[in-house]
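Notes to accompany the following structure.
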Amino acid sequence: MKYYAVTLEDLMVLYNVDRQRGLTQAQVDKRLKEYGLNELLHQKSEPWLILVLRQFKSPLVYILLVSAFLMLFIGHRVDAFVIAFILVFNALIGAFQEGRASNLLNSLKKYSANTCTVMRDGTQQIIDTRFLVPGDILFIQDGESIPADARLLQAYNLKIDEAVLTGESFAVEKKVGMLPENTPLYEQYTMVFAGTPVVSGNGLAVVVATGLSTYIGTIQKVIQTIDTETPLKKQFQKLSRSIVIGAFVLCGLLLVVALYQGKSITDIMLLLAALFVSVIPEGLPVVLTIVLASGASRLAKNKVLVKKLQAVEALGRTDVIITDKTGTLTRNEMVVVSVLAGDKVFTVTGEGYLEKGQVLKDNELVVLKDLSSTEQLFVYGAALMTRAHRAYLKDGTVLVKGEPLEAAIELFALKLGVTKPEAEKKFTKLYDIPFDPVRRLQAQFFKKDDRLFVFVHGSPEYVFAACAQVPQSALALLDQFLSNGMRMVASAYTEAEAIEITDFDDFFEKQVLGHFVYLGLFAVQDTLRLDVPFMVAQARKAHIEVIMATGDHKKTASIIAYQAGIGDKDQPVLTGAELNALSHEQALRAVATVRVYARVSPLDKMKLVKLLHENHKIVAMTGDGVNDAPALVAADLGIAMGIKGTEVAKEAADLVVLDDSFSNIVRAIEEGRHIFATLRRVVLYLLSTNLSEVFVLASFFAFRSDIILLPVHILWINVITDGFLDIALAMEPREKNILTDEWLYKTQKKGLIDRTLIAKVFYQASLMASSVFILTYFYYGENGALSTLVMTSMALLQWVNAWNCRSETKSLFELGVATNRWLIGATLLVIALHSAILYMPFLQPLFKTVPLSLHQWFIAGLIGLIFIIGEELRKWFMRRTFLI
């Protein structure tokens, strides 16, 4: 129901409530049963065991479990234990990371005020907000948070900060009245909404919606229906399916061959287990988790909290960042950026509510003593007229209690060295006339010596009307400031001989209005974050488009976007209504070019994300408000602001930027690119290893009827050799100029596992398997020696390939040895461990190995050399062909 579009009388009848007495307790009890408690859904923290078990939901894991049971069935307990250990280790790492971020969940409670005041049974009662029901008469006071959606019955100087809902930078002035149907949210000035703080004034309202029926509640219900997956998750699901299908096809073929050759059931089960172990990259889940967790750890040092590990890689593949304006591009803090005192224009520097800043005239510092007496009155008036208070918190943020505009104007005076206590020593306050929404100004009476001073602040047109005369220069500059999206506040004063006044309001109406002397204008703006233009420029260098979608005015959106470097002054700006008026085809074309959207609702933002998805874009959404939450969930990657961000936004997001710094978003994107490159080299290394094992197993079985590699051999290569080397490979230092690397960008566009990577996997696996098979096939030593030689040759190939996979295009000899010390240590360690299982007698039975002679080592070394030559030729060809 559109509660703003019915008369108050009809609304009271609808809820059967007496405006003077409120609901009866019997009505409250009945409605609590009908509507439920006034609270939102809270996501419960999952038990640790559930987090661990969820890590096992993968086809690859299922196949490894089957392999473990086969090993156990035929008596290979060590092999079964090793497989099980790998799976449990991976699950513990994943569960630990998810558990670390779980403290951000269940945080919607912040949006429910603890208590509120209502009229029930003819008396005012303070109740728990959970027990509010539709029809309750609600008292609204300065400093409170609105506990439910309500229609206003009374409003006196009532201003509410609705930035978390609409993106509007300035507090919204609320009034009593009836609005036409289809009035947009940001113009519903007769309504108040749950979760929004009261900046000033008071009022009386009738509750119309509670719990999930409130505006915030409807947003949460939308979030619950959205299901999105990161690109990495999608690709690994596809890879898992391909591996599973390939494994069963190959096992089926070799099973037919084994049956034809008359192999025993034990041999067949051993073969199947060996194939399952070889075809599944056991190290992939572990190293994937470690790479993402280490990336998340590095991001945490840069104040970026990762809630979902797989979201880290999606950062590097982002095509588009959709960002809100208020609190994201801007600080959501009012600041005076310019003042017009008399006919002089002054520039005010600084950021947000921080005291650091200066007042400049023609780029020269202005000090108070150099100003004229009238200009000094303008400054003192700025200090005196505020009722707002600032509190500086330990984390560097500033909390403002009261009207943000007043806090910004007082801060201007502070930058000229005039504090409110200091001003009050000179001017004794006599009376305060609060802001009147009809006259649109506020006034205060002061006494200084034997003189009476009356200062007035308010909307320029109303203050000008109260003045005896206003210079033409002020009118001209007012239009100029307004055209640049500034919020303007005018200042004036009058002075008279101090007399005894019994009725200040009457004196103001009859003796003062119309006789004010114009002092100046304050140009107030929600300031752009200092690091935003740099972030936007960096994003563009990385081929990432930045789109601004805000609930603010079209003109304001255009100006902020221009200042941020998102577009030029004449860029097109679409409103949410204009976007919805387009046909689907027109909308798809529009989102390909338009970079600024104004007056957008939460559903408009979600539609924008879906349109970009249809244009095959990977979308990151940054935001801090309740209005951002649906799009944060719908996007491939949701990024919430940690300081200014609402808890609703943090719950919906994949990442939380703890200090709201856009420079850290750029670092996060850079880290994402590095993680993408790391994952790609690790996947190439592991898949080529496993596929080469499959090729070797199949070749020897087909041509010699030998199970040349036992499960314990494959596990040794996959777990010990690859286990140390792939982790060391993951520690490869970040590439230079990674954000502007054209080859990496083009590769990312194709995805982590694309055709070129698959081609490299098959090339490397074929090269390794063919060299091993050809050089060892005619070896006529003992079968144990042949099996050990093949295993050692495969292990040596992995030692070499780990160094080779550091780059897909650069020569092994170009990369340098000392740049990855982890890899040096891992290589020496696996060589030592491999030598131990060959030459230590007590380990030989366990791993079914025999010592190798120098001649046999020469054969293994020759196989490694052939592989190096083949890979160097491939890289040379790539550099020549693709001009890398």
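The values are calculated or read from the model by the stated rules, or taken from the named source; none is laboratory data. None of the values given here were measured: they were computed from a predicted structure. Neighbour counts are summed over all protein chains in view; Cβ atoms, including those assigned to glycine, are modelled from backbone coordinates with ideal geometry. For accessibility, only protein heavy atoms count, side chains too; no ligands or nucleic acids. Shrake-Rupley method; radii C 1.70, N 1.55, O 1.52, S 1.80 Å.
Take segment 803-840 and flag every residue that is open to solvent by less than 40 Å² (accessible area, probe 1.4 Å) and outside any helix (DSSP H, G or I).
Across segment 803-840, the qualifying residues are Cys805, Arg806, Ser807, Glu808, Thr809, Ser811, Leu812, Leu815, Gly816, Asn820.
Can you find a residue that is open to solvent by 20 Å² or more (accessible area, probe 1.4 Å) and under 20 Å from Thr347 (Cβ atoms) anywhere in segment 384-402?
The answer is no; no qualifying residue exists.
Can you name the condition, by its number, that Gln571 falls short on among (1) part of a loop (DSSP other than H, G, I, E, B); (2) open to solvent by less than 40 Å² (accessible area, probe 1.4 Å); (3) under 29 Å from Asp659 (Cα atoms)?
Of (1) part of a loop (DSSP other than H, G, I, E, B); (2) open to solvent by less than 40 Å² (accessible area, probe 1.4 Å); (3) under 29 Å from Asp659 (Cα atoms), only one is false for Gln571: (3).
Consider segment 542-568. How many of its residues are open to solvent by 20 Å² or more (accessible area, probe 1.4 Å) and of a type in the set (A, V, I, L, M, F, W, C)?
Going through segment 542-568 one residue at a time, the tally reaches 1.
Just a yes or no: is a residue in segment 705-726 under 30 Å from Thr318 (Cβ atoms), open to solvent by 10 Å² or more (accessible area, probe 1.4 Å) and either of a type in the set (Lys, Arg) or not in a helix (DSSP H, G or I) (or both)?
no
Quickly run through segment 661-671 and pick out the residues that are open to solvent by less than 10 Å² (accessible area, probe 1.4 Å) and modelled with pLDDT under 75.
Across segment 661-671, the qualifying residue is only Phe662.
Would you be able to tell me the number of residues in segment 526-541 that are open to solvent by 20 Å² or more (accessible area, probe 1.4 Å) and not in a loop (DSSP other than H, G, I, E, B)?
Qualifying residue count for the region: 7.
Being among the hydrophobic types (A, V, I, L, M, F, W, C), within 21 Å of Gly402 (Cβ to Cβ) and either open to solvent by 40 Å² or more (accessible area, probe 1.4 Å) or over 43 Å from the mean Cα position of the chain (by Cα) (or both) is the filter here; which residues of segment 414-452 pass it?
Passing the criteria: Leu414, Ala423, Phe427, Leu430, Ile433, Ala443, Phe445, Phe446.
Could you tell me whether segment 333-343 includes any residue that is crowded, with 24+ Cβ neighbours inside 10 Å and part of a loop (DSSP other than H, G, I, E, B)?
no
Val164 - would you say it is among the aliphatic types (A, V, I, L, M) and assigned to a loop (DSSP other than H, G, I, E, B)?
Details: among the aliphatic types (A, V, I, L, M): yes; assigned to a loop (DSSP other than H, G, I, E, B): no.
No.
Of all residues being among the hydroxyl-bearing types (Ser, Thr, Tyr) and assigned to a helix (DSSP H, G or I) in segment 652-683, which is farthest from Ala539 (Cα to Cα)? Just the residue, please.
Of the residues in segment 652-683, the ones among the hydroxyl-bearing types (Ser, Thr, Tyr) are 661, 663, 678.
Filter again for assigned to a helix (DSSP H, G or I), leaving 663, 678.
Details: Ser663: 10, Thr678: 21 Å.
Among them, the one singled out is Thr678.
Of all residues in segment 574-596, how many are within 16 Å of Lys554 (Cα to Cα), under 25 Å from the mean Cα position of the chain (by Cα) and assigned to a helix (DSSP H, G or I)?
Total meeting the criteria: 2.
Which residues, taken from segment 756-802, are outside any helix (DSSP H, G or I) and either modelled with pLDDT of 95 or more or not hydrophobic (A, V, I, L, M, F, W, C) (or both)? Spell out how you get there, then give the answer.
Taking segment 756-802 as the starting set, the residues that turn out to be outside any helix (DSSP H, G or I) are 778-782.
Answer for segment 756-802, where residues must be outside any helix (DSSP H, G or I) and either modelled with pLDDT of 95 or more or not hydrophobic (A, V, I, L, M, F, W, C) (or both): Tyr779, Tyr780, Gly781, Glu782.
Keeping to segment 180-199, report how many residues are outside any loop (DSSP other than H, G, I, E, B), open to solvent by 20 Å² or more (accessible area, probe 1.4 Å) and in contact with a strand residue (DSSP E or B) (Cβ under 7 Å, 6 or more places away or on another chain). Break it down into steps so the answer makes sense when it comes.
If we filter segment 180-199 for residues that are outside any loop (DSSP other than H, G, I, E, B), which is where we start, we get 185-187, 191-192, 197-199.
Of the ones still in play, those that are also open to solvent by 20 Å² or more (accessible area, probe 1.4 Å) are 185-187, 197.
Next, only the ones that are in contact with a strand residue (DSSP E or B) (Cβ under 7 Å, 6 or more places away or on another chain) stay: 197.
The qualifying residues number 1.
Just checking, does segment 261-284 include any residue being at pLDDT 75 or above, of a type in the set (Val, Ile, Thr) and in a helix (DSSP H, G or I)? Even if it seems obvious, please write down each step before you answer.
First, pick out the residues of segment 261-284 that are at pLDDT 75 or above: none.
Looking for residues that are at pLDDT 75 or above, of a type in the set (Val, Ile, Thr) and in a helix (DSSP H, G or I), one finds none in segment 261-284, hence no.
Cβ-Cβ distance below 9 Å, separation of 6 or more or different chains: which pairs start in segment 846-861 with a residue that is in contact (Cβ under 8 Å) with a residue 60 or more places away in the chain and under 30 Å from Ala80 (Cα atoms) and end on one that is assigned to a loop (DSSP other than H, G, I, E, B) and of a type in the set (Asp, Glu)?
Short answer, once both residue conditions are applied: Val850/Glu782.
Of the conditions (1) within 21 Å of Ala407 (Cβ to Cβ); (2) at pLDDT 90 or above; (3) open to solvent by less than 10 Å² (accessible area, probe 1.4 Å), Thr330 clears all except one; give me its number.
Condition not satisfied by Thr330: (2).
Please work out which residue is nearest to Leu687 (Cα to Cα), limiting yourself to segment 752-769 and to residues that are of a type outside the set (A, V, I, L, M) and surrounded by fewer than 18 Cβ atoms within 10 Å (Cβ to Cβ).
Step one: of segment 752-769, the residues of a type outside the set (A, V, I, L, M) are 754-756, 760, 762-764, 766.
Okay, now just the ones that are also surrounded by fewer than 18 Cβ atoms within 10 Å (Cβ to Cβ), so 754-756, 762-763, 766.
Numbers: Asp754: 13, Arg755: 14, Thr756: 13, Phe762: 9, Tyr763: 11, Ser766: 12 Å.
Ranking the qualifying residues of segment 752-769, first place goes to Phe762.
Whether any residue in segment 369-383 is under 41 Å from the mean Cα position of the chain (by Cα), within 20 Å of Met488 (Cα to Cα) and either open to solvent by 40 Å² or more (accessible area, probe 1.4 Å) or polar (S, T, N, Q) (or both) is what I want to check.
no
Scanning segment 684-699 for residues that are surrounded by fewer than 24 Cβ atoms within 10 Å (Cβ to Cβ) and at pLDDT 85 or above, which turns out farthest from Tyr777 (Cα to Cα)?
Keep residues of segment 684-699 that are surrounded by fewer than 24 Cβ atoms within 10 Å (Cβ to Cβ), which gives 684, 687, 691, 694-695, 698-699.
Now restrict to residues that are at pLDDT 85 or above: 684, 687, 691, 694-695, 699.
Details: Leu684: 27, Leu687: 24, Leu691: 19, Val694: 16, Phe695: 13, Ser699: 10 Å.
The qualifying residue farthest from Tyr777 (Cα to Cα) is Leu684.
If we keep just the residues of segment 491-512 that are open to solvent by less than 20 Å² (accessible area, probe 1.4 Å) and touching a residue at least 40 places away in the same chain (Cβ under 8 Å), which is nearest to Asp436 (Cα to Cα)?
Selected residue: Phe508.
Looking at Val287, Val312, Val291, which is the one that is touching a strand residue (DSSP E or B) at 6+ places or on another chain (Cβ under 6 Å), part of a helix (DSSP H, G or I) and among the hydrophobic types (A, V, I, L, M, F, W, C)? Write out each step before concluding.
Details: Val287 fails: touching a strand residue (DSSP E or B) at 6+ places or on another chain (Cβ under 6 Å); Val291 fails: touching a strand residue (DSSP E or B) at 6+ places or on another chain (Cβ under 6 Å).
Unique residue meeting the criteria: Val312.
Examine segment 349-368 for a residue that is open to solvent by less than 40 Å² (accessible area, probe 1.4 Å), under 14 Å from Gln525 (Cβ atoms) and either in the same structural domain as Thr593 (by the TED database) or assigned to a strand (DSSP E or B) (or both), and state whether such a residue exists.
No, segment 349-368 has no match at all.
Is it fair to say Arg880 is over 22 Å from Pro733 (Cα atoms) and either open to solvent by 80 Å² or more (accessible area, probe 1.4 Å) or assigned by the TED database to the domain that holds Ile727 (or both)? Give the derivation first.
Details: over 22 Å from Pro733 (Cα atoms): yes; either open to solvent by 80 Å² or more (accessible area, probe 1.4 Å) or assigned by the TED database to the domain that holds Ile727 (or both): yes.
Against the criterion (over 22 Å from Pro733 (Cα atoms) and either open to solvent by 80 Å² or more (accessible area, probe 1.4 Å) or assigned by the TED database to the domain that holds Ile727 (or both)), Arg880 qualifies.
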